[in-house]
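Presented below is the structure to which this report refers.
The values are calculated or read from the model by the stated rules, or taken from the named source; none is laboratory data. All figures in this text were calculated on a predicted structure; none of them were measured in a lab. Here the Cβ positions follow ideal geometry from the backbone for every residue, glycine too, while neighbour counts run over all protein chains shown. These area figures cover heavy atoms from the full protein model, side chains too; ligands, DNA and RNA do not enter into them. Shrake-Rupley method; radii C 1.70, N 1.55, O 1.52, S 1.80 Å.
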Amino acid sequence: MTRKSKDVYFSEIADLVSSRSTCLRNQVGAVIVKDSQILSTGYNGAPKGLPHCDVVGCVREKRGTKSGERHELCRGLHAEQNAIIQAAYHGVSVNKGIIYITTMPCSICTKMLINAGIREIVYIEPYDDELTKSLLNDSKLIVRQVSILRKYGKHAQQRTQSAGKVKE
């Protein structure tokens with residue numbers, strides 16, 4: 001038996017966490033880890049107690065807003081934001097932690113991760129944001145991409161069943 005690497009293990013957990021997302025555009029999950037222990041998780045969705053986009057609709061979709069633009073129009077918080085907030089809510093420091101994310105963070109989340117003291121970002125899918133690239137180049141954050149197949153989210157691997165076998 002081959003044991004999964006920690007990168008694959010925690011990235012697969014981030015993908016599973018994304019299955020809780022109520023975003024109509026993409027399901028993103030995040031896991032913050034320190035010393036190989038999970039500190040916090042987060043997925044993209046509306047603030048606690050408020051109706052989710054799968055109930056009230058997506059303002060950004062209705063306005064035709066492109067991905068990566070006008071983040072302030074979104075009802076939801078990003079997965080990274082929710083992971084940081086959950087840790088803070090429970091009094092857990094994420095300083096010097098590693099965040100495993102299904103999608104490379106946007107510039108807003110990147111700034112939050114820098115200020116929260118995250119030391120490393122491990123992501124599955126790229127996200128094209130020039131400001132993020134610039135911020136990461138200027139920071140001391142380690143950034144790595146891990147290659148796994150997503151089971152959830154808009155880029156999930158399509159699976160079909162035939163004769164009891166899963167075909168990817």
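Structure above, values below:
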item: Under 17 Å, Cα to Cα: Lys pairs in the chain, sequence gap 8 or more or different chains; result: 11
item: Low-density loop cleavage sites - GluC sites (Glu not before Pro) in the stretch 41-98, where at most 16 other Cβ are within 10 Å (DSSP); result: 69
item: Long-range amide H partners of residue 29 with built H, under 5 Å; result: 18, 102, 103
item: Among beta bridges that DSSP assigns inside the chain, antiparallel share in %, nearest 5; result: 60
item: Within the accessible area of the stretch 104-146 (1.4 Å probe), percent carbon and sulfur; result: 51
item: Most mobile listed residue (124, 142, 99) in the chain, GNM with C-alpha springs under 10 Å; result: 142
item: Gaussian network model of the chain, Cα within-10 Å springs - most flexible of 17, 56, 31; result: 56
item: Loop-located trypsin sites (Lys or Arg not before Pro) in the stretch 37-138, at most 13 other Cβ atoms within 10 Å (DSSP); result: 48, 66, 70, 96
item: Candidates 93, 36, 18, ranked by Gaussian network fluctuation over the chain, Cα under 10 Å, top entry; result: 36
item: Solvent-accessible area, 1.4 Å probe, carbon plus sulfur percent, for the stretch 1-89; result: 53
item: HN-Hα J in Hz across the stretch 92-102 - Karplus 6.51, -1.76, 1.60, θ = phi - 60°, x for Gly and Pro; result: 10, 7, 9, 4, 6, x, 10, 10, 9, 10, 6
item: Accessible area of the chain divided out per residue, in Å², using a probe of 1.4 angstrom; result: 60
